[in-house]
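Working notes, beginning with the structure itself.
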Amino acid sequence: MEFLLAGENVAFSAALALMLALALLEAVGMLFGASISHAMDSVLPDLGLDVDADIHADPGADGVEGAGALSGFLSWLCIGRAPLLVLLVAFLFSFGVGGLVLQTAAQRVMGSYLPGWLAAIPALAVALPAVRFFGLGVSRILPKEETYAVSADSFVGRTAVITVGIAAIGQPAEARLTDQHGRTHYVRVEPQRPDDTFPAGTAVRLLSREGIIFKVVGA
């Protein structure tokens, strides 16, 4: 207990305690016909994040940042492909155990613990790939009774809203749209007509697709 409650280790111990609490709450909830996991997953569509990762813009392209970068990172973590509770538990477990193992090694080698903030950096570096690893594994074994996969070509004809940048010829901007399943996607768009420009907040209609770029006109 002295090891777990040491100031340098409290963040890792708290992560493991929270993991156990979530597992207990999920077990109790299932007895009463409720599910924390289902409630957490139901929030995802409301976040306005694309978790499909099938048509993400090049993260190095001009004007693509913010929500698109966040969406790509969440997709890398398998959010949307595996239950959010499973991913959270994987993160808490990996972060907590990784930090405690590191502190144990530091104590044996140096005779003292690393500062908590310093130990948290490599623990986090271990936890994030672990989340992706568990997420990919879980997504492969989950039953797939229905699929929400859509082709990027199916977005043609839909209305999107510019979210990042100003769309102009040769200067694609990022736009957000909703597919037929109610899921949110981020795409890169530029005007069909040379004289048009569309700032953030403008509604546009997708006319055609050229690679990862969609040609649009005002909606």
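The values are calculated or read from the model by the stated rules, or taken from the named source; none is laboratory data. Everything numeric in this text was worked out from a predicted model, so none of it was measured. In this analysis, Cβ positions are derived from the backbone assuming ideal geometry, glycine residues included, and neighbour counts consider all displayed protein chains.
For the structure I just gave you, tell me whether L92 is at pLDDT below 90, under 18 Å from A21 (Cβ atoms) and surrounded by 20 or more Cβ atoms within 10 Å (Cβ to Cβ).
On the way: at pLDDT below 90: no; under 18 Å from A21 (Cβ atoms): yes; surrounded by 20 or more Cβ atoms within 10 Å (Cβ to Cβ): yes.
Considered against the rule, which asks whether it is at pLDDT below 90, under 18 Å from A21 (Cβ atoms) and surrounded by 20 or more Cβ atoms within 10 Å (Cβ to Cβ), L92 comes out as no.
Matching residues to (1) assigned to a loop (DSSP other than H, G, I, E, B); (2) among the hydrophobic types (A, V, I, L, M, F, W, C); (3) in the same structural domain as F73 (by TED's automatic domain parsing):
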site	(1), (2), (3)
R176	no, no, no
H181	yes, no, no
R193	yes, no, no
S208	no, no, no
F214	no, yes, no
Tabulated pairs, segment 168-179, first under 16 Å from A219 (Cβ atoms), second surrounded by fewer than 16 Cβ atoms within 10 Å (Cβ to Cβ) and at pLDDT below 85, C-beta under 7 angstrom, 6+ apart or interchain: R176/G48
Near pairs, Cβ below 7 angstrom, 6+ apart or cross-chain, from segment 190-217 (on the phi > 0 side of the Ramachandran plot) to any residue that is part of a strand (DSSP E or B): G201/V161; G201/I162
